[in-house]
Every structure is written in structure tokens, then in C-alpha cells.
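Visitor: Handing you this structure, nothing more for now.
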Amino acid sequence: MTKQKKRFKAIIENQEYTIISKESPEHMKIVTELVNEQLEEIKSLSLESDNEQAAILLALNAVSDQLKKQEELMKLKAENEALYKKASQASELESRIQRIEKIEQEAKETLEKQGQKGKRVNNHLEAQQILNENRKQDIQQKVSQG
């Protein structure tokens, strides 16, 4: 849903302006107050500047602040992407660990069925070998029966 543009009357440096914006009147009121405060501050720091010069200095400050915020946002986006990538890698590793644990558990169950209950499974490669050997034996039995 798009916001409707609204008209807002702002008084800046005792001059009335009609501003057309999609922002809320509350937002525009705050913006107007900030502009007036900053213009007043600029004029108090540089007594010889007129309204136009103060407005230009305010615009320069605003654009400078905007560029700094954009740089900050770009850094945060890059950090976010790096964190997302790390989280994806962690999730992938977790999934691999679960698969390995499942293979090891299946190998232990296979050993128990074969009457080798006390035998340890030292790592996932050994577990995979146990399972492969068991499948090979199953196939050989089926072939010899068939």
C-alpha cells in the first residue's frame, strides 16, 4: 500500500511554505522544528550570514550527514551479509554433523544386530565402512538365495 501525498504548511524563518510529502504531519513538524533550530544555530555561529547563506550551509550539512549515514548503512549491510554467510555455513555444518551422527548410530545398531555390542565406532569413516560391509553382506545373501 502506497502512502498518499499530503500538503503540510511549514513556517521556516518566519516564512510559510507548503510542502507536499508522503510523510505524516508529525514527521514533517519535527523536520520543520529541526530545520529552524539548525538555521538558528548556523546564524548564531556566523552572524554575518543571511538566510540564504544559512540555508545553503544547512543543506551542505544535511547532505554530508546523509552521505555518512549511507556509508554506515553500506557497512552494516556488508556486515549483515557476512554474518548471514557465516550462519549459513554454521547451519550447513550442523546438518553435516547430524548426518554423521545418524551414520554412526546406524553403524552401532548394525554392530549390535551382529552380536558385536561392545565394539566401538571411532569415527564416521569407520561407521560408513561398517554400513557398507553390512549392505554388501545383505546383497551377497540375497544373491545366494536368489
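Visitor: List pairs: first in segment 17-30 and over 14 Å from Q4 (Cβ atoms), second modelled with pLDDT under 95 and part of a helix (DSSP H, G or I), Cβ under 8 Å, 6+ apart or cross-chain?
Guide: From residues that are over 14 Å from Q4 (Cβ atoms), there are no pairs.
Visitor: Looking at A127, A78, A107, can you tell me which residue is small (G, A, S) and modelled with pLDDT of 95 or more?
Guide: A78
Visitor: Quick one: in segment 1-48, of everything that is of a type in the set (K, R), surrounded by 12 or more Cβ atoms within 10 Å (Cβ to Cβ) and under 34 Å from the mean Cα position of the chain (by Cα), which residue is modelled with the highest pLDDT?
Guide: K29
Visitor: For E52, work out the one condition from (1) of a type outside the set (K, R); (2) exposed (fewer than 10 other Cβ atoms within 10 Å of the Cβ); (3) not in a helix (DSSP H, G or I) it doesn't fulfil.
Guide: (3)
The values are calculated or read from the model by the stated rules, or taken from the named source; none is laboratory data. Computed from a predicted structure; not experimentally measured. So basically every Cβ, Gly included, is an ideal-geometry build from the backbone, and we count neighbours across all protein chains shown.
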